[in-house]
Amino acid sequence: MMALDVNGTTRQVDADPDTPLLYVLRNDLALNGAKFGCGLGQCGACTVMVDGNAVFSCVTPISLLEGRRITTVEGLGTAENPSPLQQAFIDEQAAQCGYCIAGMIMRAQALLERNARPSDAEIRRQMQPNLCRCGTHMRILRAVRRAADAMGSASAAPAGGEARL
Amino acid sequence: MWKRLLLGLIVLVLAAGIGFFALAWRSAYDPIDPPGRTAFDDAAIARGAALAGIGDCAVCHTAAGGEAYAGGLPIPTPFGTIYSTNITPDPETGIGRWSEAAFRRSMREGVARDGSHLYPAFPYPHFTKATDEDIRAIYAFLMTREPVRAEAPANQLPFPLNFRPLMAGWNLLFLDEGPFRPDPNQSEAWNRGAYLAEGLGHCGSCHTPVNALGAERKDRRYAGGVAEGWHAPALDASSPAPMPWTEEALANYLRGWDPHHGLAAGPMAPVVETMKDAPAADIAAIATYVASLSGGRTASRRSADQVVAFAEERAFGPVPQVDRPKISAVQAEGLQDGERLFVGACATCHHEGGALPYTRPVELSFSSSVTGPDPRNLVRIVLDGIHPPEGQPGPIMPGFAGALTDQQLEALLIYVRRHFGNAPAWRELGATIRDIRGSDAS
């Protein structure tokens, strides 16, 4: 058994330590936000945050994660009470098929927690590893911009971060 | 008596001053009106484009996200930060008012049109070897680019290094001015390659260690150096590459991919990228010359067959049949063990028979990043991954910076070094990791 801190809750997991985090999230913890895309860390659909950094959960074995803070899209908000970033994705209608969106949101969240006022170039650089096959990239970029503007003006003092829980 | 001594001292100081002034002083060339496109013929421009590619002009003279050749890229040096200049033909901020003679002098002597000395971060100690004809072609190419108005930021150099005339002294010591002298005992291709590699290609700028004043050490040519925080591996017989660098392998590599050496990473990646339009014969010639530097030998002194046999022995089998018993024997207490981390994070791609979108990764046992004397290239690759140039297809490796702690990365690389590298452990691995991640606790 291994203890993982997922979305602020300690979860006991009975899985081989080599198991990718993605499998544990989906199969053992019923957190289906993160998606399996390529399984090779090349598409970003599986992106979650570890200690505030975006990681590909499909190539991150849980053996790396004991005592570290894992955040998935479920940790940001709910359908009834979405986080500012999730709300911005809704407002911009940034999802088409939606498969990439949880990963996109988590990668953007990692940026906004570290830099509450990113430039457009910084947003593009951050989002570069994540792919969208529908082609909604422009809407996704707009959504991140919108969230940054909203979060930046809402919480000028304690920059970013608050939306996490 | 004292008076005479004082007078003597003053005369001496004056003489030294005048001597230095004579040494350092360079006249300005008169500014010209920027020559139009019609002043240059198409053939020269096309030749200049290829030569500028081999010279990697765009690599330094383009800022991140900036216009090509408009300069402004910060070049970190041990002495301070130097910003590359604008070499588009903009008359105010670029080289639009430079005559060909002024341009030639900058390439040969490291002196700008106005007579001021340039810093040897601009590799004129190599460019000095270029022929008049080639310098003319590069001039034609640059002067027919779109002019971009862009002022380079001021260099950040401490006194006295910000006093440019000092470079005259540097040049006296280290600049070996003059054209390339071919070796009559070598083939035409070898001489062509030597001309390009020693001259415009300026390979030694990174691959040769430098002395305390930043000049390449002539006694250790191509023994390996440093480039922008990466290790530039030795190209001589001390090459850390397990598979010897043959002409064919080098030509493949400079064209983008070689099965035994992989692809260029770090600061070498844009070098290969800018060379892509160079004539195939020139790439082959450079390969001929560079292969001769090591004479087909490597530091490991193993034959290619032995290297392949070792790689086969150490390679991970197809994932369904990974040496499961051995790995499962590692107990839960050993979670930080590097082998375990490798199985979980790396083996998905770095195993025998994997189906990757573009190409299989090169065997880690073949990689000089694994076998080399300096761990920093491997640290950087694992942290940041490998990415093709923007908008182009190519092998991708995801970065693991967010997933791995310093200790996990260290454990992983200790294992990779031991298992795939067949080489003694790196002594400074932990310090290198902390240094690169900027996470030094102190």
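The values are calculated or read from the model by the stated rules, or taken from the named source; none is laboratory data. Please read these numbers as outputs of a predicted model, since none were measured by experiment. As a convention, Cβ positions derive from the backbone with ideal geometry for all residues, glycine included, and neighbour counts pool all protein chains shown.
For region A:59-93, what are the residues that are over 30 Å from B:Val382 (Cβ atoms) and under 15 Å from the mean Cα position of the chain (by Cα)?
A:Gly77, A:Thr78, A:Pro82, A:Ser83, A:Pro84, A:Gln86, A:Gln87, A:Ala88, A:Phe89
Take the residues of region B:430-442 that are part of a loop (DSSP other than H, G, I, E, B) and of a type outside the set (Asp, Glu): which is farthest from the other protein chains (Cβ to nearest Cβ)?
Among those that are part of a loop (DSSP other than H, G, I, E, B) and of a type outside the set (Asp, Glu), it is B:Ser442.
Taking A:Arg68 as meeting all but one of (1) facing chain B (nearest Cβ under 7 Å); (2) under 15 Å from A:Asn7 (Cβ atoms), write down the number of the exception.
(1) is the only condition that A:Arg68 fails.
Just the residues that are at pLDDT below 95, in contact with a helix residue (DSSP H, G or I) (Cβ under 8 Å, 6 or more places away or on another chain), in a helix (DSSP H, G or I) and not aliphatic (A, V, I, L, M), please, taken from region B:274-305.
Answer for region B:274-305, where residues must be at pLDDT below 95, in contact with a helix residue (DSSP H, G or I) (Cβ under 8 Å, 6 or more places away or on another chain), in a helix (DSSP H, G or I) and not aliphatic (A, V, I, L, M): B:Thr274, B:Lys276, B:Asp277.
When both residues are 6+ apart or on different chains and their Cβ atoms are under 8 Å apart, which pairs have a first residue that lies in region B:122-133 and is among the charged types (D, E, K, R), and a second that is in a helix (DSSP H, G or I)?
B:Lys129/B:Tyr195; B:Lys129/B:Glu198; B:Asp132/B:Arg104
Tell me which residues, restricted to region B:286-303, are among the hydroxyl-bearing types (Ser, Thr, Tyr), buried (at least 16 other Cβ atoms within 10 Å of the Cβ) and farther than 17 Å from B:His207 by Cβ.
Selection gives B:Ser300 alone.
Kindly evaluate B:Arg376 against the criterion of being of a type in the set (D, E, K, R) and away from every other protein chain (no Cβ under 14 Å).
yes
What single numbered condition from (1) modelled with pLDDT under 95; (2) under 25 Å from B:Ser292 (Cα atoms); (3) of a type outside the set (A, V, I, L, M); (4) not in a loop (DSSP other than H, G, I, E, B) fails to hold for B:Tyr195?
(1)
Does at least one position in region B:208-219 carry a residue that is closer than 30 Å to B:Ser303 by Cα, within 13 Å of the chain's Cα centre (by Cα) and either buried (at least 23 other Cβ atoms within 10 Å of the Cβ) or modelled with pLDDT of 95 or more (or both)?
Yes, the conditions are met somewhere in region B:208-219.
Limited to region B:122-172, what total is found for residues that are touching a helix residue (DSSP H, G or I) at 6+ places or on another chain (Cβ under 7 Å), assigned to a loop (DSSP other than H, G, I, E, B) and among the charged types (D, E, K, R)?
Residues flagged as touching a helix residue (DSSP H, G or I) at 6+ places or on another chain (Cβ under 7 Å), assigned to a loop (DSSP other than H, G, I, E, B) and among the charged types (D, E, K, R) within region B:122-172 amount to 1.
In this structure, does B:Asp114 turn out to be touching a residue at least 24 places away in the same chain (Cβ under 8 Å) and touching a His at 6+ places or on another chain (Cβ under 8 Å)?
Judged against the criteria, B:Asp114 is not a match.
Could you tell me how many of the residues in region B:413-442 are over 16 Å from B:Leu364 (Cβ atoms), polar (S, T, N, Q) and at pLDDT below 95?
2
Taking the stated definitions as given, is B:Ala265 in a loop (DSSP other than H, G, I, E, B), in contact with a strand residue (DSSP E or B) (Cβ under 6 Å, 6 or more places away or on another chain) and farther than 20 Å from B:Ala121 by Cα?
Answer is yes for this residue.
Please enumerate the residues belonging to region B:57-79 that are of a type in the set (A, V, I, L, M), farther than 13 Å from B:Val148 by Cβ and in a loop (DSSP other than H, G, I, E, B).
Matches in region B:57-79: B:Ala64, B:Leu73.
What number of residues within region B:387-422 are among the β-branched types (Val, Ile, Thr) and away from chain A (no Cβ under 11 Å)?
Residues in region B:387-422 being among the β-branched types (Val, Ile, Thr) and away from chain A (no Cβ under 11 Å): 2 in total.
Looking at A:Gly39 and the list (1) surrounded by fewer than 18 Cβ atoms within 10 Å (Cβ to Cβ); (2) touching a Ser or Thr at 6+ places or on another chain (Cβ under 8 Å); (3) more than 14 Å from chain B (Cβ to nearest Cβ), which single condition is not satisfied?
All conditions are met except number (3).
Please go through region A:47-62 and pick out each residue that is facing chain B (nearest Cβ under 7 Å), touching a strand residue (DSSP E or B) at 6+ places or on another chain (Cβ under 8 Å) and over 19 Å from B:Ile396 (Cα atoms).
Hits for region A:47-62 are A:Val50, A:Pro61.
Answer yes or no as to whether B:Ala299 is in the same structural domain as B:Gly193 (by TED's automatic domain parsing) and hydrophobic (A, V, I, L, M, F, W, C).
In short, no.
Within region B:278-285, does at least one residue satisfy the condition of being buried (at least 19 other Cβ atoms within 10 Å of the Cβ), closer than 17 Å to B:Ala189 by Cβ and within 17 Å of the chain's Cα centre (by Cα)?
yes
For region B:144-161, does any single residue satisfy the condition of being in contact with a Ser or Thr (Cβ under 7 Å, 6 or more places away or on another chain) and buried (at least 22 other Cβ atoms within 10 Å of the Cβ)?
no
Taking region B:220-231, which residues are at pLDDT 95 or above and either in a loop (DSSP other than H, G, I, E, B) or more than 19 Å from B:Asn377 (Cβ to Cβ) (or both)?
Of everything in region B:220-231, those that are at pLDDT 95 or above and either in a loop (DSSP other than H, G, I, E, B) or more than 19 Å from B:Asn377 (Cβ to Cβ) (or both) turn out to be B:Arg220, B:Arg221, B:Tyr222, B:Ala223, B:Gly224.
Please state which of the following conditions B:Arg427 fails to meet, knowing it meets all the rest: (1) within 14 Å of chain A (Cβ to nearest Cβ); (2) surrounded by fewer than 19 Cβ atoms within 10 Å (Cβ to Cβ).
The one condition B:Arg427 does not meet is (1).
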